[in-house]
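Have a look at the structure below before the remarks.
Each value in this text was obtained by applying a stated rule to the coordinates, not by laboratory testing. Because the structure is predicted, anything quoted here is derived from the model rather than measured. We place every Cβ from the backbone using ideal geometry, glycine too, and count neighbours over all the protein chains shown.
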Amino acid sequence: MMEHLKQVIKAYEKWVASNPEVVCDVETTTKWVSYFIAGRISNSSVVSELVYTLSNIMVLYNDRIIHNSRQLANAARAANDALESEELLDVSGSKICYRLKVMLTTLEYCEVFLEISAKRVFSNRGKWIIIAILQTMKALGRYFILIHSTERIITTPTLPTLNRRTFTKKGNISKSSGNNKSALNAQSYAYKLKRSGRVVRRVEGAPPLQCRSFKLNEEINEMRREQVPKILIQAEYIYIAKPLIHLAAMGMFGQKSWKQYILALMMDLVSINIYQKNRDLMTKRQQLILSHRCINLLLYIVRSPVYERYTQSKLNNFLTFATNSIPIVKMLTEPLKEYIPHWQNTYYYLWST
C-alpha cells in the first residue's frame, strides 16, 4: 500500500515538474470553485474556505516540486546561482528557517478555516482562543526567522509563491546558454555568507590593478543593503507585534472601538515610516514588500468601526446605483451586497495584513 502511494506521489511530482502551466490553470480553477460554492450550499462558508485553503496548500506544494526539479536540472550551476534562486523563492537562511517558513506559510493559509471551524465547534469564545494561539505562533516564528537569518523584512505569506514564468524562463535560458552563463557567473565579484550575511569579495574576481577604482561595485552595494541598521529591524519588530497588540486591544476596548483601530493603524504607520526614511538602504525586493504594505493600508477602510460608520453605506449606495443603472451588472452586484458583510467580518478585521 505504501509503495503504491509513493509511486503515485512520484508520478504526480514528475507531472507537475513537466507541466507547470497546466498546473497553474488547475490551481486557478480550484480557487474559483471556492468562490462559486460560497452561499450556494449549507455550511458554505466552511466548505468554500476549506476548498480555498486546500488550493493554497496545493500551490505551495507544487511550487516546492517545480523549484526542486529546476535545482536538480541545474545542479552544475547551483552554487553560482544561489543568490538568484534565493531571490526567486526566498529560501535564504538555514534549513531550520526554511522549514519554519513552510510551516508558517501553511498556517497562514489554514488560519481562516481554523477560525471558522472553531467558531462552529467551540462558539465565539473558542474562536478567539484559536486566533490568539495562531497569532502567537506566527509572531514567535517570524521573530525566530528575523533573528536567525539574513531576513530583514518578512513577507505575507512568509514563503511567497514562486514566480513560475520567470523561474521557468530562467531555467530554459540556462539550458540553451549554460556555458556562457557559467562563464559570466564565474566573474561574480562577491558572494554572501549564508549564516552571517557578510559580503565577501572574491580574489579571483578583482579587475587588473590599472583598472581598479577601489569603490564597491553595484553587486556589492546591492548585497550590502541587506545588512541594514538596527532601526529597520526594530521597525519589523513593531510590524510583527502588531497583531498581538491589536488582539489585546480588541479584548480590552471591544472589537468596534476606535482605540483598537487607531492603535493598529499607528503601529503600521510607524513601521512603514521608519522603512521609508531608510528606503535607500533596502534591496529592490524589500522595497517591493514595503510597497505592498503601503497598499494594504487601504484595507483599513473596511475594518470596524470605519466600515459600519462610513464605508458600508457608501458601498451599498454604489452597488444599488450600479444595479439600477446597468441591468447586466445585477448578476454580480446582488451576490456582492449579500456576501460583503460576511467577508468583512471574516477577513478584514485583523489578520489580512
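A few comments on the model shown:
- Residue-span extension gain [residue 248 to residue 10] - 0.36 nm each, minus C-alpha spacing: 81.1 nm
- Between residue 301 and residue 316, the simple label model (points 7 Å from Cα in the Cβ direction) yields a spacing of 1.9 nm.
- Whole-Å semi-axes of the range 240-353's equivalent ellipsoid (Cα gyration tensor): 31, 20, 11
- Computed from the Cα positions only, the extents of the range 244-304 along the three principal axes stand at 39, 19, 15 Å, in decreasing order.
- With both labels modelled 7 Å from their Cα along Cα-to-Cβ, the residue 120 to residue 21 distance reads 3.9 nm.
- Stretching residue 337 away from residue 57 to a fully extended chain increases their span by 97.9 nm, per 0.36 nm per residue minus the current alpha-carbon distance.
- Each peptide in 17-25, 318-326 gets a packing score, the mean of other Cβ atoms within 10 Å over its residues, and the list from highest to lowest is 17-25, 318-326.
- Distance between the pseudo-spin-label points of residue 328 and residue 277 (7 Å out from Cα toward the beta carbon): 5.2 nm.
- FRET efficiency, residue 284 to residue 140 (Cβ-Cβ, R0 25 Å, nearest 0.05): 0.30
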